Every structure is written in structure tokens, then in C-alpha cells.
Amino acid sequence: MSTLDPAGPAAADIATLWWVMFWGALVLFALVMALLVLSFLRPAMIASIRPIHWIIGGGLIMPVPILIALLMAALLLGEQLLPKPGGVQPMRVEAHASRWQWQFSYPETPGAATTEILHLPAGEPVDIVVTAADVIHAFWVPRLGGKIDAIPGHTNVIRLQADEPGVYRGICAEYCGEGHETMGFVVEAHSPADYATAIGGAQ
Amino acid sequence: MIRHLWPLLAGFTLWALAFILLYALQYLGCYFGWAPAAHRTALVVGYVMSLAALAGALLVQLALLRRRGSAATSLDRIGIGATIAALAATAVTFGPTLLASACI
Amino acid sequence: MSQDPLSPVALHKALTRIWATPPGWGRLSAVNHTILGKRFMMLALVFFTIGGVLAMLIRAQLATPGSAFIGPELYNQIFTMHGTVMMFLFAIPMFEGLAIYMLPKLLGARDLAFPRMTAYGFWCYLFGGMILIVAMLLGYAPNAGWFMYTPLSSGTYTPGINADVWLLGITFVEISAITAAVEIIVTILKMRAPGMSLTRIPIFGWYMLVTATMMLIGFPPLILGSILLEMERAFDLPYFDPTRGGDPLLWQHLFWLFGHPEVYIIFLPAAGVLSTIIPTFARRPLIAYNAIIIAIVAMAFLSFGLWVHHMFTVGIPHLALAFFSAASALVAIPTAVQIFAWIGTLASGRTKFDVPMLYVIGFFIVFVCGGLTGVMLAMVPFNTQAHDSYFVVAHLHYVLVGGFVFPMLAALYYWLPHFTGRTSVYRLSIPAFWLILIGFNLTFFLMHLTGLMGMPRRISTYPSNWGWDWLNLLSSVGGFLMTMGFALVLVDIIMQFRFGRRGAQNPWRASTLEWAMPTPPPDYNFAALPAVTQRADQLDPDALARSLAAGEGYLGFARADRQETLGVDMMTGMPDQVIILPQRSFLPLWTALATGVFFLGLLFKVYWIVPPAAVVVIALFLLWPRALGARRNMGPIDIGQGEAVPADGEVEDNVTWWASRAAVAADATLYASLLFGALYLAVVAPGWDGPAPATNWLPAIGLATAFGASVLARRARRLNQAGDSPYRWLLGGAALAGLTALACVTGMVLLGDATTHANLALRFALYAYCAIHAGIAMLIMAHAAWRWREGFVSAVRATDLRLSVLWTDYAALALLPAWALMVLLARSGGAA
């Protein structure tokens, strides 16, 4: 269930981003707290800093490069995660939310039934097409990647990949009324060999 | 009020207008299905124009400050600081027009 | 001209007689900002307690997995109410109360610009809040989340009264936010001690000026959204229904267009408090006053460009997300500027330590954490994982408790001696601090991890196999520790009021004007208004207090039973008018009660009572100006120090005029939100494929009559200036404005069934907006005609005529985009 235990490239990249930000934030927090403590103790070195240097140093020189570097990294990572057209198109799976269940269908596989378990082929990206019947829900499988909202009247796509065959858990992340907490689902990733049987043979 | 406070507000008002302009350009380009290259060009032109407008405002304020000389108030100087900040904010906020995917 | 000087005691008695609020039932007629500021803050603390109890219920439910303590239905009401109460009934009114109490004292005025509006705002806050709390006690609390996302909050999925309680109760409360915003802006710009130029006002004044302006622009989108959603729920007008040309995302845009600036609206007053307290304890002036002004202006603007970071997962293209992501990250820079201005002030001063500083340290620890996680959440990829998980719960509590509650506790302990005239004896504040700090971090620090481990928000139970159990249990333990801390604070406040020792007048040796008066403060604040010759956070309040009490300064006398204070030029701070304030009155209470009937009629769908209630509200409001204004020109009047300036009714640049323009600004923002919504639906929403009914000529007719009214209003103003009678022109203009309203109402009727498609529902809303504003213009012109007949208007006392021009112009200008948009809607298809 944990985003810190990624099982696919999207979740893994985001987890890396998190750890970089976490250590960076820890250093910055320690720095600010140290300066705060020093501002009370007032050794000569601190007391003689001119006011304008506090503003320029702490308010501009320290945060600006960090923020710009972080924004660029996040922008590039975000681009990489997008379900872009072109190249070999991943397989499409449809996820339809209603109160309070998910239904998954496989339009590209003739004869595949609609299932309550999301079956994915392991080791390849899949585009999940997310829609909603009634209110807003959100599709989230924390170990595979970020979430995307299911909004009535809209169609959203998220590209996810499970690296290894296995069972993962998904949940509805957008509050949708009384049954919100019961709206979990199971994701099963199968090896390519087993996949056809899995969606062909499912209910 | 505007007569006196505009130096303080001009820069970030331009930033806000640039925001509306570029957000609308982004959206309408996708809505009308512009060719990606044309859409990108329009966005980048909008970005450069926004930067130019901010730079222009800064030059005007600097010229006014020089002309007023000792009659300049501290609000004039604060206004120049605000416009510089808005110029930097424009450069960063709308920098993504150069590369981010416009319609997905 | 000059009056005979009175002894300080006699002067105090004379001024008290004029400014005092009577005891007993007379308390309900209070309009004094000291009293109302305290009432706002006390009521906010009551709601804080209620919100805290709700939080404890949440933590009790979540302490263990699979808990059956309260079921999902009740849990949904509780978390919805916790967010709603804390945001709308605690945070906003709390800082409003502080500003209402503090601003005139910091600026050197005797009251706010519109004392009766303060009282009206308070009653709206009380009654609106009561609607919500009573509904909760009866089991009908809102349950669709404090963010009220449609379609969940629509009539289909929340059929009962619950969502209406939220929409109407909160809109009722928001009246007080808008009135407070107008008052604060006008007071800061126009009502200061002589010589206090704009760049000399204490920094708290700048913070509140920016905050109030943000409120004026930030609240209207939410008010509009609430009105549209209530219209959808009550009359089935499909603004947010995707099957009939609406779009649920429009609600999210309107809500967060308010909701994100809101966070900064809450933070900035708290930052203003820190910028006031820290210099006192550092024993030196705040560093980088100018850089801080730039920082708060930057923050104000940036905060309106990052609302979509609440919507990173709704499927908006990456480029647009990138704009909002960058703006969200950039807002950290003005924050950092302020943090380092405070640290730099401490570093370059000679810091002493006392209870308020303890809470300031708490602020630093908690808020810096919240700021750092805020930058993380601004990053789109990380946000898609953390969004709607407990990571966000942790972040928002770090920001709001760190950025608001800790500074407000510091403010409380800093100004309690001012409120009470007493100092604390028991010092419960110190154990309370440690309980709150430790309890808070135990509760919320762990939630970062809970969220990263995949726990989503707003679930009432969770299974025990996902590693969330011990985290939630510890969070609950921390929550109860924190509650004990807050309980101690409340006890401490009561103790200080009851048993505190009579203390020194300026216990912290501060250098701002609010300490240049006896504590608790007299009803009139200053017996005389000081002349300010330097930045007003570097004064000597002790010396000033003595000379002002002796009447040495401006207006150091009691005259003609009038509540007098000074108005100054916005920039230079030179006196330019004597502002004569209205005295205590029950009118605000009656008006608020009538407003309450209006809202209750809507809530219980007793629609026949709504129009009469609205008429009563308008009639009561028309009674307000009767207490003001003069029937003759007074000319310049003595203000002491050998100077004389006209009364406020005789100058153009008076507070009424300023307030009207501020009101128009808020109104125009609401209209701009409606226009944005119409364009948004026409372009974005699904289901706009079929043909749409054409538009007719009614908007054009309305436009012609509206511009006619505007021309007549201008003619009336010119005639009045020349000393001729504007009477017939005013009545003619009112008639034309009435015709405009009639044209718009006819348009609404001829639309047919507006429930079929958002296209028609939008035209309905545009017509309604224009009809209401034509109606306002008509009322204002007719009222001006009546005021002229009664002798309140002369060539110099011309405010009523200037207001006629303002509102007729606005009514006419509003019709222009409405007409254009109706033509566009007729072409954009949709109504199947």
C-alpha cells in the first residue's frame, strides 16, 4: 500500500523525488532552526550581519536556486510520466467508478469480460482510462504511481506499469459519500503469458 | 488610490495579466486543435511579450524615479522592488511555455 | 473657536458619556470596535472549542482500525463540520476580531470607519454560525466535505437539507467577511493619526490592508459558487450537472479561486502579528520594512495564481499545471523573506524572553516545516501521490496551526494585558505551550508518514493490515495532549480576566500606539489624537499616553455630543476632514435578524417569505443614513492645534465614497467570476452540441435605459453642483433604472425553462445579476432624491449624487458584457 515501496517506474521515480526533497528539507529546516537559536544567543558573528544581508541571503540566495532546480526536475519528471501519444501505444484499460465500486474493462481484447479486479500485464506500461458515473472519485494504486480523478462528464488517462507480477491494492482517493472507505480494489499483475487467460477467464 | 499606489501594483498586475493571457492561449490552442508548432510559437511569443511588458514597466519606473530625484518617495523605491520581483516571477512562472506539453 | 481645556478626568467623563455603550439590553446596541472586536474573538474561541471537540471525535474514531465508535454517516458530518468551523467560523473571524479591536488603536483613530457595519457583521457571523451549529446538534450537519464538491453536494446525491445548511450558513457568515474587509481597507487608508503617512503606518496596518484587499477579491468567487450551487439544488438550474451542459470542475475552480488565497488571507494577519511582537521583544525596530511590503504584495498576487494545485489530478494539461506549480513554489520566496526579516530582527536586537516569545518559537518550528512540505506538494509528480492522502492533512495543519494558531496564541498573550489591564498570575501558559507543541507534532508529524503509506483522507475506518495502526494511535494520543494544552490556555484566559494582577500600562515596553492609552481601553481610545512625526512602530507610548489623556493633541475635547475622529489624506496623512461617526444603535441587530429570516426562508424552502424579508432588509438599510449627515454646511471646524478642516459630509474624498468603491470592486469580482463561469462552461463543459435558442432585444433595451439613467445621474450631479435642483432628474433616472430592471426580469421570464441546459441557466443568472444591479441603482437614485428633499444634500454635501453616478454607471456597464455573452451563448449551441 505504501508509496515508499514502489512497484513500478512511475511510483519509483516519485519516491526518488520524495527522498531528495525530504533530505533537502531536513537540511533547510536544521539550517533555519540553527539560525534562529543563534539569533537568540547572538555571537558577534551573527549580531554583526547587516539587516539587508539577512533578506538577500536567506530570502533570495538560499531559496531561489533550490526552487528553480526543483521546479525543473519536477517538470521533466512530470513530462516523462504523461501518457503521450507516439511510439508504441500501450494497451488501454478502462476503469469506471460508481458509488461505491470500480469496474474494469478491456476494450482492446475482444471477448474480455468486465471485472472487479484490475488485471494488468506486468512489465509493460498500460493506459488506464478513468471515468465516473455519478460523483467524483479518484483512481489510486499507491505502489504503482500517482492518482487521477474520475469525474462525471470527463475522461482522464493515467499511464502506469507494474514491474513484476503480483497483487497490489487500489483505493478511491476522492471523498464520494458514505461508502467512500469501502471503495477499494485489487490489482493483479500477470506475466504476459498468463495475462490473456486472466482477463479471458475472469467473471 | 491607483494614482498613488500604482508603482506598487503595476508589476504584479502585469504578471496576473500574463497569467490570464497564457492560460487562455494554452486552453484555446487545445480547444481549437492548433498545430503543435503553431501553438508552441504562440505560447513562446506570449511569454516573451510578458517579459517585455514587465521590463518596460521597470524602465518606466526607473526613469520616473530619476526624474523625481529627491522628490521621490519611498513608495517609488518599494514599487521598483515589487516590479523587479514580478519580472522574476514572470520569468519563472511562465518558463514552462518553452517545453511542457500543452494539451496532455 | 478653541474650546476651554478640561482636566483629564473631566475630559474622560465627557468623552465616555458620548462614546459609551449602555449596560443591560443596551449592550445589544454596541457599535464600538473595542467591544465588537472582543466579541468577535470570544465567539471565534467558542467555535474553536467546538471545532476542537469535533477533531477529538475524529481522532477517537481513527485511533484503532475497524472502529465502530461512530459510523461513516456521522463521521462525514463531523469531518465536514471540523473543516468548516475551523476555517469559516474560527480562523477568519478571529483575525477579523483582532483587526477590528487593534487597527484604530494602532493607527490613532477612535473607531473604525463604519461602526454599525461592524455590529451588523458580528450579528451575521453569530446567526450564520448558529445555523450551522444548531443543524449539527439536530443531526442535519453538512456532510459533503468542507470543499462541497459537486455532484456529491448536488440535490441528486445529497438530497436533504445538509448541503443547504452549508451553502446558506456560510454565505450568511461571509457577509461579515466582506463588511470587515471594506471597513479595514477604508480605515487604514483614511483614518489615521495626523502625520502618519502611508509609509509610516505600523507594519500590521500594511498586512491588514493587503489581507482585506485579498478578501474583497477572494471571497466573491466562493459567494458566487455558493449561489449557483444553491440555485442548482433549489431550482434545478444545471450549472454543475455534466448531463445538462454544466461541469463539476467549475465548482472546483470557483471554490479554490477562493480557497487558496484564503490560506494566505489567514496567514498574513498572523504574520502581521509576528512583525509587531518580534520587534518589541528584540528591542529594536523591524528590519527591512520595505522588503516586507514587497513580500506581502508579492504573496497577495501569487496566492491568486496557484489555486489549481488543489486540482493537479483532475486532468488538466501539463503546461497549465506547470504555471500553477511554479507559482506555488515561488510563494515560498516572500515567505522566506519574512522569516529571515524576523530572524534578522532578533539577531540584531537585544532579545528578552517572555510568554509571547515562547509561542513565536513554536510558530517558527511548526510553520517552517509546513512551508517545506508545501514546496514538496507544489511539485506535480509528488502531488499526484500525496494529494488527498494524510500527507496533505499533515501539511495543512502545519501551515494553519503553525502559521495561524501559534501566532494568535502569541497575540493573545501579548495583548491580554491590553484587553484586561491585568497581568497573568498563574502562568499556565508555559505548560500549555509544551503540551500544544509536543501534542501537535506527535499528532501531525506522523501523518506525513501515514499519508505516504497510502492512507487516504476522509475514511472513517481502515483495515489493520496496512501498517497504519500504530501511526493513527499515536496521532490520537498526540491529539489529546494538544487538546489539554488548549484547554489550559482557555482556563488561563479566564483566570487572567478574573484574578489577574492590575498591571503596568505598557508591560512589554512596546513602541506602538495601542499602548498609549489606559488599559483596559476607554470607549473613545484616545482623549486626543497624537501628531505622528516618524514611523509609527518607533513611538514612545508612555509619554504620549500622559499628554493625550490631558487632551494635548488633535480633537482633545468633547463637542456637541458628536463622535468625532479625524480623516487624513491617504498618502501624506495630513488631516483633511472630521469624521462624525454614528452612535450606538439597535438597527444593525434588526437588520441582521431580518437578513436571518431571509436566509432561513431559503433554507427551509419557505419561498414566500423570502421577498418580504428582502424588502424589510432593504428598508432597514435605508434607515441607516438617517442618523448621519447635516442639513447645513458647517464649513471648516476646529480640530485643535490651530487647525480646522471640513466635516466628512462636505469633502469628496470621504469614507462613504471609499467604501462604495471598495464594494463595487468586490461586486465586480463576483461578476467577473460569473462571466468566467459562463465562458468556461461554453468552452469546456460536455454536452454543448445541439442548437441553442437565439437571444432577443431585451438586453439592448435594458442597456439603452441603463445608460439613460447614467446620463441623468450625471446631469443631476452637475445641476446640484451649480446649486440647482437635481430632484426631477434623479426621479427620472430612478424610473429609467427601474425600466432596466423590468427589461431584465422580462428577459428571465421569456427564457423559458432554464432547467433544461446550462446555456439557459447562465443567461438566467446574467439577467438576474443585471436586474439586481439596475434595482440597486434605482434605489440609490430615489434615495438621493429623498435626501435632497429633506435638505441633506447641497453643492458641497453631494455624496448621495456621486453614489448615484457610481451605481448607475455600474449597472449600465454590467449589461455590456452580459449582452455580449448572451449573443455568444446563443451561438455556442447546447440546449438540446
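The values are calculated or read from the model by the stated rules, or taken from the named source; none is laboratory data. Please read all numbers here as calculations on a predicted model, not as lab measurements. Don't worry about glycine lacking a Cβ; one is built from the backbone with ideal geometry, like all the others, and counts go over all protein chains shown. Note: accessible area is taken over every heavy atom of the protein model, side chains too, but ligands, DNA and RNA are not part of it. Shrake-Rupley method; radii C 1.70, N 1.55, O 1.52, S 1.80 Å.
In whole percent, how big is the carbon plus sulfur part of the accessible area of chain C, probe 1.4 Å, protein atoms only?
Carbon and sulfur atoms account for 69 percent of the accessible area of chain C.
Using a probe radius of 1.4 Å on heavy atoms only, what accessible surface per residue do you get for the range C:440-515? Whole Å² is fine.
Per-residue accessible area for the range C:440-515 comes out at 41 Å².
Say each of C:ALA550 and A:GLN101 gets a label point 7 Å from the Cα, pointing the same way as Cα to Cβ; how far apart are those two points in nm?
The two pseudo-label positions are separated by 8.7 nm.
Counting Lys +1, Arg +1, Asp -1, Glu -1, what net charge surrounds C:ALA181 among other residues with beta carbon under 14 Å of its beta carbon?
So the environment of C:ALA181 carries a net charge of -4.
In the range C:270-361, which chymotrypsin sites (Phe, Trp or Tyr not before Pro) are in a loop and have at most 11 other Cβ atoms within 10 Å, using DSSP for the loop call?
The qualifying sites are C:PHE353.
Can you give the extra length, in nm with one decimal, that the chain gains between C:ILE438 and C:TYR157 once fully stretched, where that is 0.36 nm per residue apart less the Cα-Cα distance?
97.1 nm
Among the trypsin sites (Lys or Arg not before Pro) in the range C:576-677, which ones are in a DSSP loop with at most 14 other Cβ atoms within 10 Å of the Cβ? Mind listing them?
C:LYS605, C:ARG631, C:ARG632
Where in the range C:384-400 does accessible area fall by at least 20 Å² between the isolated chain and the complete protein assembly, at a 1.4 Å probe radius?
When all protein chains are present, C:THR384, C:GLN385, C:HIS387, C:ASP388 each give up 20 Å² or more of accessible surface.
Just to confirm, what accessible area per residue do you get for the range A:91-201 at 1.4 Å probe, in whole Å²?
Per-residue value: 34 Å².
Return the calculated 222 nm mean residue ellipticity for chain B, to the nearest 500 deg cm²/dmol, obtained by summing -39500 (n - 2.57) across DSSP H runs with n ≥ 4 and dividing by the residue count.
-28500 deg cm²/dmol
Under a GNM of chain A (C-alpha, springs under 10 Å), which listed residue has the highest mean-square fluctuation: A:ALA47, A:ALA113, A:ALA193?
Judging by the Gaussian network model, the answer is A:ALA47.
Calculate the dipole size of chain C relative to its Cα centre from +1 charges on Lys and Arg beta carbons and -1 charges on Asp and Glu beta carbons; express the result in debye to the nearest 20.
Once rounded to the nearest 20, the dipole reads 1440 debye.
Which listed residue (C:LEU674, C:LEU739, C:LEU751) has the Cα farthest towards the positive end of the charge dipole for the range C:657-760, taking +1 on Lys and Arg C-beta and -1 on Asp and Glu C-beta about the Cα centre?
Final value for the positive-end residue is C:LEU739.
If you take each beta carbon of peptide C:284-292 and count the beta carbons of other chains within 10 angstrom, what is the mean?
Taking all residues of C:284-292 together, the mean is 4.
Put +1 on the Cβ of every Lys and Arg and -1 on every Asp and Glu Cβ in the range A:1-119; which of A:THR114, A:GLN101, A:MET21 then has its Cα farthest towards the positive end of the dipole?
Projecting each Cα onto the dipole axis, the largest value belongs to A:MET21.
Only four residue types carry charge here, +1 at the Cβ of Lys and Arg and -1 at the Cβ of Asp and Glu. Report the dipole size of chain A about the Cα centre in Debye, rounded to the nearest 20.
The calculated dipole for chain A is roughly 1000 debye.
Using a cut-off of 13 Å between beta-carbons, work out the net charge of the residues near C:PRO104 (Lys and Arg +1, Asp and Glu -1, C:PRO104 not included).
0
I need the per residue convex hull volume for the range C:203-328, using only the alpha carbons, in cubic angstrom as a whole number.
Hull volume normalised by residue count: 112 Å³.
Cut-off 19 Å, label point 7 angstrom out along Cα-to-Cβ of A:VAL20: give me the residues of the range A:81-95 whose amide nitrogen falls inside.
Counting backbone N atoms under 19 Å from the label point, the list is A:81-82.
Work out which residues of the range A:46-61 lose at minimum 50 square angstrom of accessible surface when the other protein chains are put back, relative to the chain isolated, with a 1.4 angstrom probe, and list them by number.
Going by heavy-atom accessible area, the residues of the range A:46-61 that drop by at least 50 Å² are A:PRO51, A:TRP54, A:ILE55.
Long-range amide H contacts for C:LEU566: which residues qualify at under 5 Å (H placed 1.01 Å from N, peptide plane, sequence gap of 5 or more or a different chain)?
C:ARG110, C:ILE579
Taking 8 Å as the Cα distance limit and 6 or more residues as the minimum spacing, I'd like the relative contact order of chain A as a percentage.
With pairs under 8 Å counted, the relative contact order is 24 percent.
Ordered by packing density, taken as the mean number of other Cβ atoms within 10 Å over each peptide's residues, highest first, how do C:66-77, C:548-559 rank?
C:548-559, C:66-77
Mean separation of Cα pairs under 8 Å and 6+ residues apart, divided by the residue count of chain C: what relative contact order is that in percent?
16 percent.
I need the chymotrypsin sites (Phe, Trp or Tyr not before Pro) found in the range A:2-111, filtered to DSSP loop residues with at most 12 other beta carbons within 10 Å of theirs.
Sparse-neighbourhood loop chymotrypsin sites (Phe, Trp or Tyr not before Pro): none present.
So what is log10(I(q)/I(0)) for chain C at q = 0.11 1/Å, when the Debye sum runs over its Cα atoms only?
Values returned for q = 0.11 Å⁻¹ are -1.37.
I'd like the FRET efficiency for C:ALA644 and C:THR746, computed as 1/(1 + (r/R0)^6) with the beta carbon distance as r and R0 of 56 Å, rounded to 0.05.
So the FRET efficiency works out to roughly 0.55.
Give me a single rounded figure for C:94-106: the average over its residues of other chain Cβ atoms within 10 Å of their Cβ.
Across the residues of C:94-106, the mean count of other-chain Cβ atoms within 10 Å is 0.
Based on the mean of other Cβ atoms within 10 Å per residue, sort peptides C:382-390, C:515-523 so the most packed one is first.
Output ranking for C:382-390, C:515-523: C:382-390, C:515-523.
Dipole size in debye (nearest 20) for the range A:112-178 around its Cα centre, Lys and Arg Cβ +1, Asp and Glu Cβ -1?
I would put it at about 120 debye.
Taking each residue in B:85-94, count the Cβ atoms of any other chain within 10 Å of its Cβ, then average. What number comes out?
6
Scan around A:ILE148 for amide H atoms under 5 Å from its own, H built in the peptide plane at 1.01 Å from N, and keep only partners 5 or more places away or cross-chain.
A:PHE139
Please compute the contact order of the range C:608-745 in relative form: average sequence separation of alpha-carbon pairs under 8 Å and at least six residues apart, divided by the residue count, as a percent.
About 15 percent, as a whole number.
Lys and Arg at +1, Asp and Glu at -1: add these up for the other residues within a Cβ distance under 13 Å of C:THR461 and post the number.
So the environment of C:THR461 carries a net charge of -3.
Counting pairs on different chains as well as pairs 8 or more places apart, how many Lys pairs in the protein assembly as shown have Cα atoms under 22 Å apart?
4
Just to be sure I understand the rule: take each whole DSSP H helix in chain C, project its Cα atoms onto its long axis, keep it if the span is 30 Å or more and its mean Kyte-Doolittle hydropathy is at least 0.5. Which ones pass?
Qualifying helices: C:33-62, C:115-137, C:162-190, C:203-235, C:248-282, C:355-378, C:429-452, C:469-499, C:655-684, C:727-750, C:758-789, C:799-827.
Set the Förster distance to 60 Å, then compute FRET efficiency between C:ILE494 and A:THR182 from the Cβ-Cβ distance, nearest 0.05.
That pair, C:ILE494 with A:THR182, gives E of 0.85.
Am I reading the C/A interface right? What is its buried accessible area, both sides, 1.4 Å probe, to the nearest 100 Å²?
6000 Å²
What share of Cα pairs, in percent, lie more than 24 angstrom apart in the range B:7-95?
The share of Cα pairs beyond 24 Å in the range B:7-95 comes to 31 percent.
Rounded to the nearest 0.05, what FRET efficiency do A:VAL88 and B:LEU17 give with R0 = 51 Å and r taken as the Cβ-Cβ distance? Could you check?
Efficiency computed from Cβ-Cβ geometry: 0.75.
Need the C-alpha centroid separation for the range C:92-161 versus the range A:1-57, integer Å.
37 Å
What residues qualify as long-range amide H neighbours of C:LEU529, i.e. H under 5 Å apart, gap of 5 or more or another chain, H built at 1.01 Å from N?
For C:LEU529, the qualifying residues are C:TYR554, C:LEU555, C:GLY556.
When the label point is put 7 Å from the Cα of C:ARG501 along its Cα-to-beta-carbon vector, which residues of the range C:422-451 have a backbone N closer than 11 Å?
C:423-426, by backbone N distance to the label point.
What nm value, rounded to one decimal, do you get for the distance between B:VAL44 and B:ILE2 when each label is placed 7 Å out toward the C-beta?
3.5 nm
Considering only C-alpha atoms, what is the centroid distance from the range B:40-89 to the range C:616-683, in Å?
Measuring centre to centre over Cα atoms gives 33 Å.
What whole number of Å gives the distance from the Cα centroid of the range A:82-125 to the Cα centroid of the range C:705-772?
One Cα centre to the other: 56 Å.
Once neighbouring chains are kept in place and the probe is 1.4 Å, which whole percent of the accessible area of the range B:7-95 is contributed by carbon and sulfur?
76 percent
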